[in-house]
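What follows is one structure encoded as structure tokens, with my remarks underneath.
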Amino acid sequence: MTPPSATRVETLRFSGGRLEMIDQRVLPAQLRYLAYDSAEAVATGIRDMVVRGAPAIGCAAAYGVALEALRHRHAPGAEFSRSMHRGFEVLAASRPTAVNLFWALKRMRLQWESLAAYPAAAQADALLAQAHEIFAEDVRTNRALGAHGAALLAHGARVLTHCNAGALATAGHGTALGVIRSAVEAGKRISVIADETRPFLQGARLTAWEMVQEGIPVTLITDNMAGFMMSRGEVDAVIVGADRVAANGDVANKIGTYMVAVLAQRHAIPFYVACPISTIDMQVADGAAIPIEERAAQEVTGYRDTQWAPAGVAVRNPAFDVTPAELVTALITERGVVHQPDRKKLEALVSHR
């Protein structure tokens, strides 16, 4: 049984031997769950953005491994092993930027390798238990970082956020929105300004939906309004999530984050990044070494059945950009807040037990 989510939004849930995930492509017009029963199916859901957000992708990948084991739990040892190797490979290839994907797969692989002497059925049960633990751990992590981040927000703060780093991007509660939820739970009056987040509109469709569901005041703006709002003194802080943080503190997040960070510096507004320790990749020296996913042109030339760009136009569609560490006021994690993050501070953070 899947542990309960920390919010009313259940992004992922394990039920009846299958992983069910909210189809985030159709929100807010429709709330529907799609069911998955194999590693390949989960990988397709990740690649097609049924599920998105680094922590949620990691949780989904863990369940994808467990589902593959459950499918082949009665297979001979060699066949079981081949199926598991294929499952790990297809999940690893689903999206390149979110480091939580690889963190979760590494954790599941280590668990699997430790079970080599056991029958396939026992391995499958243990892998499912590990996936449940990764899910529950993510909720606990988000709660902890939310509490640390809430202390940074003043009563009455107007917080701008980009993309969606809420319950929909995690197992529950959220990272950037988790900070806001925790501040509200602490009795602070907080209002949210949500960038629409082109081209996939995660802010307009997902962040706005989450805040409306929970009665937290939210105002939707287009991406190119952020500077105007800041210049008018209508933004007190910026909080975003992250898909990968390099060893020097550079942050890869949804495309457009870098522009918001530059604007925040220009207007002396604190720019916070909220993420779990698992998002910090000490194997990547700086942001230049983070792989940036390029997605389909159709996401830029139109939306769903509407086409607004001329046929044949050249398109660039990087899904992420990199914000240099010097623009980050603080990194908010489950182990505390790291002001002006750099390599030395992050090494101390990740090595702390």
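Of all residues assigned to segment 337-344, at least one qualifies as being of a type in the set (A, V, I, L, M), surrounded by 15 or more Cβ atoms within 10 Å (Cβ to Cβ) and either under 21 Å from the mean Cα position of the chain (by Cα) or under 22 Å from residue 242 (Cβ atoms) (or both).
A residue that is in contact with an Asp or Glu (Cβ under 8 Å, 6 or more places away or on another chain), aliphatic (A, V, I, L, M) and in a strand (DSSP E or B) occurs nowhere in segment 92-101. You will find that of 245, 284, the residue that is part of a loop (DSSP other than H, G, I, E, B) and either without any contact (Cβ under 8 Å) to a residue 60 or more places away in the chain or crowded, with 18+ Cβ neighbours inside 10 Å (or both) is 284 and no other. Within segment 157-197, being touching a residue at least 60 places away in the same chain (Cβ under 8 Å) and part of a loop (DSSP other than H, G, I, E, B) holds for 157, 162, 163, 164, 165, 166, 170, 171, 172, 173, 174, 175. Would you mind telling me which numbered condition in (1) closer than 25 Å to residue 279 by Cβ; (2) open to solvent by 20 Å² or more (accessible area, probe 1.4 Å) residue 108 fails? Among (1) closer than 25 Å to residue 279 by Cβ; (2) open to solvent by 20 Å² or more (accessible area, probe 1.4 Å), the lone unmet condition for residue 108 is (2).
Among the criteria (1) open to solvent by 50 Å² or more (accessible area, probe 1.4 Å); (2) modelled with pLDDT of 95 or more, the one residue 301 does not fulfil is (1). Using the structure shown, decide if residue 51 is buried (at least 17 other Cβ atoms within 10 Å of the Cβ), touching a helix residue (DSSP H, G or I) at 6+ places or on another chain (Cβ under 6 Å) and part of a loop (DSSP other than H, G, I, E, B). When the stated conditions are applied, residue 51 passes them.
Yes/no matrix, rows are residues, columns are (1) crowded, with 24+ Cβ neighbours inside 10 Å; (2) of a type in the set (Lys, Arg); (3) in contact (Cβ under 8 Å) with a residue 40 or more places away in the chain:
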position	(1), (2), (3)
204	no, no, no
213	no, no, yes
236	no, no, yes
252	yes, no, yes
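The values are calculated or read from the model by the stated rules, or taken from the named source; none is laboratory data. This is a predicted model, so every value here is computed, not measured. Every residue, glycine as well, gets a Cβ built from its backbone with ideal geometry; the counts of neighbours run over all protein chains shown. Note: accessible area is taken over every heavy atom of the protein model, side chains too, but ligands, DNA and RNA are not part of it. Shrake-Rupley method; radii C 1.70, N 1.55, O 1.52, S 1.80 Å.
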